[in-house]
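No lab work stands behind these numbers, since they all come straight from the coordinates. Predicted, not measured: the structure shown is a model, and the values here were computed from it. All Cβ positions, glycine included, derive from the backbone under ideal geometry; neighbour counts span all protein chains shown.
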Amino acid sequence: MKYPLLYIILALILNANNTFAEDKKPYPKNDFGLPFDGSNEIIGTYCELRPNHFHGGLDIRTGGVIGRPVLSVGDGYVSRINISTIGYGKAIYITHPNGYTSVYAHLSEFPASIQWFITKNQYLHQQYEIEIFPEADVVKVKRGEVIAYSGNSGASQGPHLHFEIRETKSEAPVNPLLFGIKMEDDIAPSIFDVFLYKRDTLEKLYNGHFPSISLPTSSVQIIKKGKKKKKIFVPIGKHSIAFGTYAFGATMRDYATSMGDNNGVNYVQLYLNDQLIYDCRLEQFMFSQMRMHNNYIDFKRMKQAGTKMHKLFKDNGSTLEFWNESPTNGWFTIDDTIAYNFRIVAKDVYGHSTEKKITLYGSPNGRNVISYIQHSKSASLCYANKDNLIAVNQDFKIGIPKNALYSDYHLGYQKNYGINYTIGNTLVPLDKKIDLHFRLSNEMVKYANKFTVFSADGRSYGTELRNQNWAVASVKEFGTYHIILDTIKPNITPVAINRNGYFSFQVSDGTSGIKDFDFYINGQWVLLEYDIGFIHGRIPNQLISGKHSIELIVRDNRLNEKKFTKIITVP
């Protein structure tokens, strides 16, 4: 049967839109269901740009409530359970026979069929925080079975479910929407501000980033309509640029069901004179590449103005595989006065797309992209591809391991006062931790395990003793740091003592932070839970009549220990 040419063209266009995210790697489309019955509204998307990391899954709204039943999205078995006071909080992992594992985080509790195994191991190891890996035949689950209840545990800013799908073998998180899991999404992304970057290795060396300028895409004009004045936005599509090699950056935002949504964009393409030069697909990454988010975005603008911008080029030092089919990795050269016509295209998984057109003209007198070179009185050239050890003075050293930097960097540093130092520029990102070495006197060595390093913004880092008299702290960012001795015990304030078998305490530590705790009744360890600043729980068995001793021991991260003891009488 023959089809009209127009019909074939339309079919190809529709197929291209529908399979934009599906034509590179096949994912099973029918193996997984939804983690909730009823509404599954996305409030956070895969690879959304978060502080210092890519979002590894989907955040799904629970209507502000705790306790919504969470369903296994497929057949499998419970392969991992992690109970933590930070990060994912209470989380459960289901391994499926198709080579993938689903993850459910920030939970509140588990059904009895799973909770027994958790409690058993917590009592066995006598600790609340625990990570366990059940064998494949211990806890089997079916698709649609309740495996947990939604919550707000760990580093959660409000009740919701964090949901992931990972490759079981590599543990690499993959966009769950690639597996045929259909969420409500009927709005295309938007492209807002556009920036132009110039390839300048000298500024990269001294400033840690390529120079850039904002490239306005519209201007404001006031027009008269009768007696009234009206503000309108007039598109700016053409720019005169000095000769050189450049790339773009842009702020973008995706939506699901409302223009009030603030979701991440997963697919970006750049065309020059209708030829594809940049193709970015945020579909999968390794957890070891999590902080490479700071190389993907414009880290400087994020730190200065909170702007999370997509660089539309592959920057130095990146090992991400988002650009496997980008012919120029986003870079282009302007070396003529002809028109260079660009199209930036942003798409979501379901093929909704938007684009922005920009025309550049080369000119010897065109707009130039320049910044400035930062110089420091004391500085050392640090190499990205090898270990660096910088002796600032006899009492302080900086260790920058191989691949902590994305490119070679002229690191500046200075001693401020006492044992307070400023290292590098906070606008330059790091992919790995760097080591700060503080020399301890013989007297200080006696308390080596009590030292904590603080940053100017109040974050604290524990130290370890190396080479007999060096206290070493590993930090994640350049900045200003000082070291202090922490011998202060945590604080404990009782809130409820045996109210219908319920105990609760407020706890805090103003220096290194709470590390762990133990709770005893009559010398027997009893399980309580810990939320930030709050230890609480209902004991498994009611206390019999008579006197009972209770003891709570709380330790901070420098192992300073505080005890609360009390004799209670049960009538």
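Fewest neighbouring Cβ atoms within 10 Å first, the residues THR217, THR480, THR62 line up as THR480, THR217, THR62. Computed from Cα atoms, the angle from the helix 5-18 axis to the main principal axis of the chain rounds to 30 degrees.
Of LYS300/LYS476; LYS90/LYS563; LYS90/LYS562; LYS204/LYS308, which pairs sit farther than 18 Å apart, going by alpha carbon to alpha carbon? Don't skip to the end; give the middle numbers.
Numbers: LYS300/LYS476 16 Å; LYS90/LYS563 27 Å; LYS90/LYS562 26 Å; LYS204/LYS308 20 Å.
Violating the 18 Å limit, Cα to Cα: LYS90/LYS563; LYS90/LYS562; LYS204/LYS308.
Structural size metrics of segment 190-362, computed from C-alpha coordinates, are Rg and Dmax of 17.3, 62 Å.
Using the Kirkwood formula on the Cα atoms of segment 491-570, what hydrodynamic radius do you get, in angstrom to one decimal?
Values: mean 1/r = 0.0775 Å⁻¹.
Evaluated on segment 491-570, it is 12.9 Å.
For the chain, adding -39500 (n - 2.57) for each run of n ≥ 4 DSSP H residues and dividing by the number of residues yields -2500 deg cm²/dmol at 222 nm. Model label points for ALA242 and SER371, set 7 angstrom from Cα along the Cα-to-Cβ axis, are 1.5 nm apart.
Mind sorting VAL265, VAL475, VAL234, VAL428 by how few other Cβ atoms lie within 10 Å of their own Cβ, fewest first? Walk me through the intermediate numbers first.
Details: VAL265 24, VAL475 17, VAL234 9, VAL428 21.
So the residues, fewest neighbours to most, are VAL234, VAL475, VAL428, VAL265.
Modelled this way, with points 7 Å down the Cα-to-C-beta line, the labels at SER508 and SER39 are 3.6 nm from one another. Measure nothing fancy, just the Cα-based angle from helix 112-125's long axis to the longest principal axis of the chain, in degrees from 0 to 90, nearest 10. Helix 112-125 sits roughly 70 degrees off the main axis of the chain.
Ordered by the number of other Cβ atoms lying within 10 Å of each residue's own Cβ, fewest first, MET444, MET252 fall into the sequence MET444, MET252. Measuring r between the beta carbons of ILE484 and ASN522 and using R0 = 30 Å, the FRET efficiency lands at 0.20. With an a/c value of 1.5 or above and a/b larger than b/c for the gyration tensor axes a ≥ b ≥ c computed over the alpha-carbon atoms, segment 115-216 is described as prolate. The mean of 1/r over all distinct Cα pairs in the chain, once inverted, gives the Kirkwood hydrodynamic radius of 27.4 Å. Counted residue by residue at 0.36 nm each, then reduced by the alpha carbon distance between them, the extension gain from ALA188 to LYS227 reaches 10.3 nm.
Tell me, what does the Kirkwood hydrodynamic radius of segment 409-512 come to in angstroms if you use every pair of distinct C-alpha atoms?
Numbers: mean 1/r = 0.0630 Å⁻¹.
After inverting the pairwise mean of 1/r, the radius is 15.9 Å.
Each principal axis of segment 314-388 carries a Cα extent, and these read 49, 40, 18 Å when sorted largest first.
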